[in-house]
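J.: Quick one: this structure, given as structure tokens, is what I'll be asking you about.
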Amino acid sequence: MQHPLQYPLTLTFKIAALAPQISVTDGTGREILYVRQKLLKLRDKIKVFSDSSQSQELYEINADRVIDFSALFTFTDSQGRVVGSVQRQGMRSFWRATYDIQGPGGNLYTIVEEQPWLKVIDHYVEEIPFVGMFTGLFFSPTYGLQRASTGQTDLRITKQRRVLSRTFTIENLAGPLPEHEEVATLLGIMIMVLHERRRE
């Protein structure tokens, strides 16, 4: 990825695919990350590529345990160096999704679902035939990326719905971020999206 990233970022989760796929594009429409997760894996091991051609592997994401909502996901680069991790906060996340993101030097951010009741409405309205396709026009759950040291919300993730995909937009509210923070936070957001999809 080229840094600093050009916001807003668009994260598209393709729900029509047999295996979960996530494509990330920057504010210019350029694809900067691509993930295709293998089906039926008991222990998550996810490869992250520079684009959908899958010709250049940038990162690998490994879970520390078999399927578990509180698993620790560690991010390594193509040289095997740890660049960060993310972990869902167990019981606290049953109502309000909460994830801790760490960089090599320690805590960076906490992803916090800002209006958890919207997720409940969003889920049930989505099941109504025809109407469900348009819930994204009315309900847009949001997640704030709060800096661990100050509690300030530096990024905001907003969920939108399309007919054949789920789309999340990532807005930068705080200005340029250091490269190591952008890498860890973006990979952490991708894991959050995959997990929240499983909960629906």
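Each reported figure results from applying straightforward, stated rules to the coordinates on display, with no laboratory input. Note that this is a predicted model, so its numbers are computed, not measured. Here the Cβ is made from the backbone with ideal geometry for all residues, glycine too, and neighbour counts use every protein chain on show.
J.: What distance in nm separates the two pseudo spin-label positions at N62 and R156, each 7 Å out from Cα along the beta-carbon direction?
T.: With each label placed 7 Å out from Cα toward Cβ, I get 3.8 nm.
J.: Report, by chain and number, residues whose modeled amide H sits under 5 Å from the one on A148, excluding near sequence neighbours (fewer than 5 apart, same chain).
T.: Amide H neighbours of A148, under 5 Å, 5+ apart: Y109, T110.
J.: Then there is this: By how many nm would the segment from S140 to S55 lengthen if fully extended, with 0.36 nm per residue of separation less the alpha-carbon distance?
T.: Using 0.36 nm per residue and subtracting the Cα-Cα distance, I get 27.2 nm.
J.: Going by average Cβ neighbours within 10 Å, how do the peptides 3-12, 145-154 rank, with the highest at the top?
T.: Per-residue mean Cβ counts within 10 Å order the peptides as 3-12, 145-154.
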